1. For the chain, give the magnitude of the charge dipole about the Cα centre (Cβ charges: +1 Lys/Arg, -1 Asp/Glu; no others), in debye to the nearest 20.
2. What is the Rg over Rh value, at two decimals, for the chain, using alpha-carbon atoms and the Kirkwood definition of Rh?
3. When the chain is fully extended, how far beyond the present Cα-Cα distance does Y293 get from S106, taking 0.36 nm per residue of separation?
4. Using only Cα atoms, locate the centre of segment 114-170 and the centre of segment 556-587, then give the distance between them in Å, rounded to an integer.
5. Quick check: pseudo-label points 7 Å beyond the Cα along Cα→Cβ at L259 and N273, how many nm apart are they?
6. Given a Förster distance of 56 Å, report the FRET efficiency between F50 and T283 from their Cβ-Cβ distance, rounded to the nearest 0.05.
7. Compute the length gained on full extension between N239 and F66: take 0.36 nm times their separation in residues and subtract their Cα-Cα distance, giving the result in nm to one decimal.
8. At 0.36 nm per residue, minus the direct Cα-Cα distance, what do Q266 and K215 gain on full extension? Give it in nm, one decimal, please.
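Rule-based calculations on the coordinates, nothing more; no lab input. Since the structure is predicted, the reported quantities are computational estimates derived from the model, not experimental observations. Note that each Cβ is placed from the backbone with ideal geometry, even for glycine, and that neighbours are counted across all protein chains shown.
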Amino acid sequence: MTIPDLPNNHALAVLLITILALYLFRRDDIPLETSSLAVIAVLCLAFAFFPFYVDGIHFEPSSLFFGFGHEALVTVCSLMIIGQGIVRTGALEPIGRYLAKLWKVSPALSLLLTLILAGGLSAFINNTPVVVLLLPILISVSLRTKTDSSPMLLPMGLATLVGGMATTIGTSTNLLVVSIAKNMGAVEFGLFDFIQPALIASVVAVLYLWLIAPKLLPSRTPSMPDTSPRLFSAYLNINEESVANEKAIAEIIALTDGLLKIESIQRGANYRNIMPLPDTILTVGDRLKVHDYPDRLKEYESVLGATLFSGLNKVDDEHPLKADKQTLAEIVLIAGSGVEGRTLQQVNFIQKHSISVVALHRAGKAMEIGRSSIGNTRLKIGDVLLVQGEQEQIDLLKAKQGLLIIDGAESLPQTSKAPIALGTLLAVVISSALGILPIEISAICGVLILLVTKCLNWQEASSALSTQVILIVAASLALGAAMMATGGAEYIAQAFVALSFGLPPGGVLSALMLLLAILTNIVSNNAAAVIGTPIAISVASQLNLPAEPFILAVLFGANLSYATPMAYKTNLLVMNAGGYRFSDFMRVGIPLIILMWVTLSLLLNWLYL
C-alpha cells in the first residue's frame, strides 16, 4: 500500500476549504445560507489572489458561480415549485382520504400501504409534501383509535427517503450526482436508469419498516400532549387601594419587571376602550385587559393591589379562570412558511393571526426560553409552535402555506385546479422518461403551466424555493469544480484506493458507499454527494473500471440519511410530530443503513461489475 504524494498547493488549499465547509455546515449557530456563501467567497478569493492554470489555461474564479445557473439547480427549484402546486391544489387529497378510511379496516395492511405510497410518491416529488400529507392522517388515526403513533410516523418518514432513491428526480441529491457525472463526461443517466437496484432495495427496506422497525420503537408521546388552554384573558380592576392608582402605564409595567402586557384599558361607566400608551395615567375604576398564565395573573393582582376579574365575576375558588373558546394547536414550520431564519416578531406573526404562542419546541424538546422571548427567537424548519387562539383562527392557519397544523384533522384542501397540477407533474415525468425533453426543460415548462393556469401565483411559487437548498447546491458545485480542476479529487481517489488495497473492486465500491452513508448523516447530503461524485469517477479511473456503479454508490450512500434527525429536514418534522428522541432514529436508522448498504452493495456488484 503506497499513499500518493501530496498534490499541488491549490489542491491542498481546496481540500482544506472543503474540510472547513463540512465543519461550517454542521454549525447550528451559523445559518446554512451564510456558511454556503462563505465557502463560495473564500474559493473565489483564493483563486483570484493566487491564480491557477490547468494545462496552461487560467482557471477563472468567476466560473465558480456557474452553480447558480446549473441545470441541476434549475431542475431542483422547478420541482420544488411543482411540488408546492400539488400541495396547494390538494391534488393528493383523494389518496389521503381513502388511506384514512382503510386504516379503520386493517391497521397492519394500512401501514404497509402507507409505506408503499410514501415511497412511491417520493420517487417523483419532494418528500416534504408527502410527509405533510401523511402526518395529520396518521396522527388522526392514532387519536381516533387511541393507539400509539410511534410505530407509524418514523417508518413513514424513512420510507419517503427510501423511495427518493429510485429516480433521478427523487431528491436534489440524485439530480446533483447525475448532473455532475454528465458534465464530467462519465455517464449520462436517464430518469429510470437505476430503478432496478433501487426498487429491490426498497422492497427490503419497506419490509423492515413494516415488520421490524415498529417493534424497535418505544412508546412516545407527542412533544406537547397537553390539550388544555394555557393562557387566560382577565381584567385587573384598579381601585383606590391599588398601587397602580394615579400611575402611568410605564411605571406599573416596571413594577412587574416588564412582564405585564396590557391589551386595552376599559374606562368609565360604558367601559370605553382606550389605548394603553406608556404615559397613560390610570385612575380608579379602570379595567386592564391582560392575557397570560394563571400564576402570572395572580402575581399581577398581588403586585398592583388590583382585583382580578374573569368576565363579570371576581376570580376566586367559586369562579376560576376560564378560557371560553380558546383552544391549543401545534404548528410545525415547513418549507414555504416565510419565517425560516426570521423571528415571529419580524414577520408580525402573532398579531397577523390573532393567536398567542405558548411554547417553542426544537429537536423534540422544549426550548428553555420564556414566553416573552419566543417572539425574538430565529426559527428553523421543523420547529413546533404551541399556539392558543379561537378555533376559527386555528382553522384559518390551516390554509397558510408552510404551516403544518398537527391537530389530528383529516380534511385536506382540494380545488378544481388539482387535476391540472397532477397532470402537469405526470407530463413532466413522462416527457423526461421518454426522452422527449430533458428534465430541466420539462420541469421549467411545468412551472409555467402552473402559473398560467393559476394553480399557483408568483408569491406561492417563490415561497416554495428554499434559500438553503439554492446556496448549499451552488456552494457544493463550486467545491466539486475546484476539486476536479486542481486535482484534489484525484488525490483523494488515489489515497482511497491505496487505503483499500487488497479489496476486490466490489469491496472498494462498498467501502465508498459506506463512507458516503456516514458522511451524509453528519453533514449536508448534497455536499456529501457533490464532493463524492468526482472522487467516485476518479476511483473508477484508478481501477480501470466503468464509472457507473461507483457513481451510484455515491448516489445511494448519500441518500442513507436515516440515523439522525438532522440528516434530512423531514426527519425533524417527524421527530417533533411524534415526540421521538435522537436515540429513536439511531435505533431504527442504523440497522436500516446497514441493511441498505449490504443490499445495494450486492446489487451493484451483481448488476454492474
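1. Around 1040 debye, computed over the chain.
2. Taking Rg over the Kirkwood Rh, I get 1.05.
3. Going from the current span to full extension adds 63.0 nm.
4. For segment 114-170 versus segment 556-587, the Cα centre distance is 13 Å.
5. Between L259 and N273, the label points sit 2.7 nm apart.
6. Computed FRET efficiency for F50 and T283: 0.15.
7. Going from the current span to full extension adds 55.2 nm.
8. 12.5 nm
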